[in-house]
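Structure record follows, encoded as structure tokens.
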Amino acid sequence: DAGITQSPRYKITETGRQVTLMCHQTWSHSYMFWYRQDLGHGLRLIYYSAAADITDKGEVPDGYVVSRSKTENFPLTLESATRSQTSVYFCASSDFKLETQYFGPGTRLLVL
Amino acid sequence: DQQVKQNSPSLSVQEGRISILNCDYTNSMFDYFLWYKKYPAEGPTFLISISSIKDKNEDGRFTVFLNKSAKHLSLHIVPSQPGDSAVYFCAAKKTSYDKVIFGPGTSLSVIP
């Protein structure tokens, strides 16, 4: 299906475990983004990528790692999950010529 | 410190009436503003935008007003419909291609 997908949709893990959230888009958009949504904070940018092999930190990058070896994929890894990383994670993409970001359905992560 | 503020976490409006969602920002360098709408268990979707050279932009039932001197924008929905019940995020950026800063969101309930 065309669009932007995220997997898994729900994940429960334990403190200290490594977790990878996947994001895939079919539009060949240049830009991809990872946000987390927390009550009272709205959407906060974790990392973004302007193209394959180009990534940059956002507002809250600590504890997260990203990579972008292919234009269509932008995985987010929590190398050692902490309870404070319990959140809803959204991936988004946009064409560099357009202002609109298109969001995936989100991954709800619970760290016990 | 939040650069984009939505001071009303929630708002209830009767069907058919006007909904007014407010947003304030602190960074005078912001020159492009967006509103996103989010339903439960879905990602945000773009609703409407406005650039700093305008003070009003209209799209059907949705109108965004910008007051640059007051660093304030508002989203008007007329008439409000039950399907408009969602969380609305105000967002801002400095250039057309820069990172987007989101506000914390306002949850709108339209009562039939």
Pairs, please: C-beta under 9 Å, at least 6 apart or cross-chain, first residue at the interface with chain A (Cβ under 8 Å from one of its Cβ atoms) and in region B:35-47, second among the basic types (Lys, Arg)?
B:Ala41/A:Arg9; B:Ala41/A:Arg108; B:Pro44/B:Lys37; B:Pro44/B:Lys38; B:Thr45/B:Lys37; B:Thr45/B:Lys38; B:Phe46/B:Lys37
Quick check on my filter: what residues within region A:44-58 are surrounded by fewer than 16 Cβ atoms within 10 Å (Cβ to Cβ) and either among the aromatic types (Phe, Trp, Tyr) or in a loop (DSSP other than H, G, I, E, B) (or both)?
A:Asp53
Could you tell me which residue of region B:78-91 is nearest to the other protein chains (Cβ to nearest Cβ), considering only residues that are closer than 19 Å to B:Asn57 by Cα and more than 10 Å from the chain's Cα centre (by Cα)?
B:Asp84
Out of curiosity, is B:Asp59 more than 29 Å from A:Ala50 (Cα to Cα), within 14 Å of chain A (Cβ to nearest Cβ) and surrounded by fewer than 16 Cβ atoms within 10 Å (Cβ to Cβ)?
yes
Within region B:22-46, of all residues that are of a type in the set (D, E, K, R) and not in a strand (DSSP E or B), the one surrounded by the most Cβ atoms within 10 Å (Cβ to Cβ) is B:Asp31
Please state which of the following conditions B:Leu75 fails to meet, knowing it meets all the rest: (1) within 14 Å of another protein chain (Cβ to nearest Cβ); (2) in a strand (DSSP E or B); (3) among the aliphatic types (A, V, I, L, M).
(1)
Please count how many residues of region A:88-112 are away from chain B (no Cβ under 14 Å) and either out of contact with any Phe, Trp or Tyr (no Cβ under 7 Å at 6 or more places or on another chain) or modelled with pLDDT under 95 (or both).
3
I need a count of the residues in region B:1-21 that are free of Cβ contacts under 8 Å to residues at least 60 places away in the same chain and not in a loop (DSSP other than H, G, I, E, B).
1
So is B:Val87 over 25 Å from A:Tyr89 (Cβ atoms), in a strand (DSSP E or B) and either at pLDDT 95 or above or hydroxyl-bearing (Ser, Thr, Tyr) (or both) or not?
no
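The values are calculated or read from the model by the stated rules, or taken from the named source; none is laboratory data. Small disclaimer: the values here were computed from a predicted structure and weren't measured. Neighbour counts are summed over all protein chains in view; Cβ atoms, including those assigned to glycine, are modelled from backbone coordinates with ideal geometry.
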